[in-house]
Ligand SMILES: Cc1cc2nc3c(=O)[nH]c(=O)nc-3n(C[C@H](O)[C@H](O)[C@H](O)COP(=O)(O)O)c2cc1C
C-alpha cells in the first residue's frame, strides 16, 4: 500500500513538474499552432489536394493494394509517435525517480475555532518559541494555501480563470520543500536549514529565522498574463492575498501565530530557494508558537 502511495505521489510530482515547465507550455502551444496551420492549408488547398488524391489513385494499378500500403504506413507512423511519447515520459520519470516526496496527512475539515473567532484573534506575531509544528499542522497550512478542495481540481483560494499561478515552498529545520497540490504532497528540494539565509534576504528580520516554519508564496505571472495580458499581474497579486489570508486564519484555527512579510530582496530570496526563472517570491509567512 505504502509503495503504491509513494509511486502515485512520485508520478503526481513528475506530472506537476512537467505541467509547470515552459517546455510543456510550448509543446501545447506548438501542437495547437500546427493543427491550426494544417487545417488552414487543408481549406486553402482542398481542391488541389482532391485532384492530387484522384491522380494518385489513378496511378495505382490496384487501389486496394495502395490503400493497404497507406494503412501500413499510417500505423507505423502512429506507433513511432506513441513510442517516442512513452520514451519521453519514461525519461522524465527516471530523472525524477530519486526525488524524495512526502505524503501529507489528510486535512481536517472541522475546528473548535469559528471563522469569526479566527478573524478576531489574528494578530501579527514576531517572537516565536522553538517548538516545532506537527506534520498535521503543516499539512493543514498548505491545504489552506493551495489545497485541492473540489473533484474538478479547484483549490482553497480563488484563482482568475482557474489558472493557478501560485507555487508554495516551506522551510524548516529539516530543509526546503515544494508543495504539490495534486496528491497533497511535499517534494524535498534541499536538506539544509535555510531559514537564516531567508532571514538575511528578508532584510535581517530575525523572526524569519526564529520561527520553526516559514512559508514562501511564489507566483508564475505568465500563467495568467498569457490569457489576460497585463491585467493578469493584478489578478495574480490579488490571488496571493487570498491564499495568504487563508494561511493566517488557518494558523489561528490551529492555535498558532504568524506574520505576513513583504519586505525582502526578491533576487536574494530566489537564490535561497533556487527558484526557476519564471517563479517570483511574493510573500513570506513565518508560523509558530508565540513566545
Ligand atoms: C503586504 C504586507 C507586507 C507586510 N510586510 C511586513 C514585513 O515585512 N515585516 C513585518 O514585520 N510585518 C509585515 N507586515 C505585517 C504588518 O506590519 C501588520 O499586518 C500590521 O502591523 C497590522 O498588524 P496585524 O497584522 O496584527 O493586524 C506586512 C503586512 C502586509 C499586508
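The values are calculated or read from the model by the stated rules, or taken from the named source; none is laboratory data. Model, not experiment: these values are computed from the prediction. Counting neighbours? That spans all protein chains shown, and the Cβs are built from the backbone with ideal geometry, glycine included.
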Inset, instruction - Just give me the residues in region 127-136 being away from the ligand (no atom under 16 Å from the Cβ) and surrounded by fewer than 19 Cβ atoms within 10 Å (Cβ to Cβ), in sequence order. - result: 129, 130, 131, 132, 134, 135, 136
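Residues checked against (1) in the same structural domain as residue 273 (by TED's automatic domain parsing); (2) in contact with a strand residue (DSSP E or B) (Cβ under 7 Å, 6 or more places away or on another chain); (3) at pLDDT below 95:
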site: 81; (1), (2), (3): no, no, yes
site: 91; (1), (2), (3): no, no, yes
site: 105; (1), (2), (3): yes, no, no
site: 115; (1), (2), (3): yes, no, no
site: 120; (1), (2), (3): yes, no, no
site: 149; (1), (2), (3): yes, yes, no
site: 159; (1), (2), (3): yes, no, no
site: 166; (1), (2), (3): yes, yes, no
Inset, instruction - Return the only residue of 243, 157, 199 being on the phi < 0 side of the Ramachandran plot, touching a residue at least 24 places away in the same chain (Cβ under 8 Å) and either within 14 Å of the ligand (Cβ to nearest atom) or in a helix (DSSP H, G or I) (or both). - result: 243
Legend entry - Residue list for region 127-154, restricted to those being assigned to a loop (DSSP other than H, G, I, E, B) and either without any contact (Cβ under 8 Å) to a residue 40 or more places away in the chain or over 30 Å from residue 291 (Cβ atoms) (or both): 134, 149, 150, 151, 152, 153, 154
Inset, instruction - State yes or no: is residue 166 in contact with a helix residue (DSSP H, G or I) (Cβ under 8 Å, 6 or more places away or on another chain) and either farther than 23 Å from residue 132 by Cα or within 16 Å of the ligand (Cβ to nearest atom) (or both)? - result: yes
Legend entry - Subset of region 110-126 that is in a loop (DSSP other than H, G, I, E, B) and more than 26 Å from residue 210 (Cβ to Cβ) - its residue that is farthest from the ligand (Cβ to nearest atom): 110
Legend entry - Condition check for residue 194: over 21 Å from the mean Cα position of the chain (by Cα), over 24 Å from residue 158 (Cα atoms), away from the ligand (no atom under 16 Å from the Cβ) and touching a residue at least 24 places away in the same chain (Cβ under 8 Å): yes
Inset, instruction - Can you tell me which residue among 214, 257 is within 23 Å of the chain's Cα centre (by Cα), modelled with pLDDT of 95 or more and within 13 Å of the ligand (Cβ to nearest atom)? - result: 214
